[in-house]
């Protein structure tokens, strides 16, 4: 019997997830919920799924097996709690929640429920980054000393006051929208840092949110890493992740399409020579049953459905994992505020200091 699926939020990501799961042989999309009556009227002409404007009514009436949540982050916690109370498995778009405390409350609420839960951090399902993690685990480049996790894109090239991306309380801003992916990739590869330092959140075009995020991640075992994220960089046609890792035996440089390994000595067991070695994703990635935007988008949803079928609740992109990323984002935001207060001492006039402090507080609120 097919799993009955419902979608909450039918914007760009909701439509992406729908196109993938609507083609899944074990899934029947029975309902779609969105606040836009215009959208719902259009969907009636082309999609057989029942339409709702109230997700609580949809969950209550349709007796769903799972929901896919693609709404602004501010609504995630309430929707997730409703799904948990109705014993519905949950796939939620990232970020998980707007605060670490809110996320911890949900995880505690979920603790006694046998429900599959997953957050849409697609980098964890990209074949290049999966391969990089395997190589790190084998000790290929020796003891890791430092890394950088970077992400760039042209998402915001002007002030978008009318959209939710410029509203911090709705989950807008570079931190939640783009840096979350960059930070989660660092957590996936190296674990949650023990401390963050030197964090900076800057504006380029936006009036009320940050457009750039930078921070240093510190680990008790001596590893350190940097985060650099800019969603206002017009030199990038598509959002781009870049990871650079340095170890005692070599280094790795990777993006979503390929990775390069530099080794001081050859590694025959891995098929790598001394010096630089390049592997493209086409050399080792397996085809997916339905392609849209990248293999990782299908792989994450197929993994989620498989976990439901197999009753596997220890998910590689679970709420617990996403909560680690939420916590790091919260730490960076707090550290950026403290760093700005310290830097304010160098602002020459009291008037300029007050103006600068007020501006950052507005971004961070």
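A short reminder: the numbers here are calculations on the coordinates, not readings from a lab. What you see is a predicted model; the values in this text were computed from it and never measured. A quick note on method: Cβ atoms are made from the backbone with ideal geometry, for glycine too, and the neighbour counts reach across all protein chains shown.
Pairs of alpha-carbon atoms within less than 8 angstrom and 6+ residues apart define the contacts here; what relative contact order does the chain have, in percent?
Details: 726 pairs, mean separation 65.8, N = 365.
It rounds to 18 percent for the chain.
Below 8 Å, C-alpha to C-alpha, sequence gap of six or more: please give me the relative contact order for region 3-115 in percent. Spell out each step's value before the answer.
Working: 177 pairs, mean separation 29.7, N = 113.
Worked out over region 3-115, it gives 26 percent.
Among 99, 215, 287, whose mean-square fluctuation peaks in a Gaussian network model of the chain (Cα, cutoff 10 Å)?
Residue with maximal mean-square fluctuation among 99, 215, 287: 287.
What residue among 224, 97, 182 has the largest mean-square fluctuation in a Gaussian network model of the chain, using Cα springs under 10 Å?
224
Determine the calculated [θ] at 222 nm for the chain from helices alone, applying -39500 (n - 2.57) to every DSSP H run no shorter than 4 residues and normalising by the residue count; nearest 500 deg cm²/dmol.
Values: 10 runs with 127 residues, N = 365.
Here the helix-only value at 222 nm equals -11000 deg cm²/dmol.
Relative contact order for region 144-247 using alpha-carbon pairs under 8 Å, separation at least 6, rounded to a whole percent?
Details: 237 pairs, mean separation 47.2, N = 104.
Relative contact order for region 144-247 comes out at 45 percent.
Would you mind ranking 257, 228, 89 by Cβ crowding within 10 Å, fewest neighbours first?
Values: 257 14, 228 17, 89 24.
Ranked by crowding around the Cβ, least crowded first: 257, 228, 89.
Could you put 326, 306 in order, starting from the residue whose Cβ has the fewest other Cβ atoms within 10 Å?
Values: 326 27, 306 12.
Least to most surrounded, the residues fall as 306, 326.
Going by how many other Cβ atoms sit within 10 Å of their own, how do 276, 231, 164 line up, fewest first? Walk me through the numbers on the way to the answer.
On the way: 276 13, 231 28, 164 17.
Lowest count first: 276, 164, 231.
Using Cα springs under 10 Å in a Gaussian network model of the chain, which residue among 324, 94, 167 shows the largest mean-square fluctuation?
167
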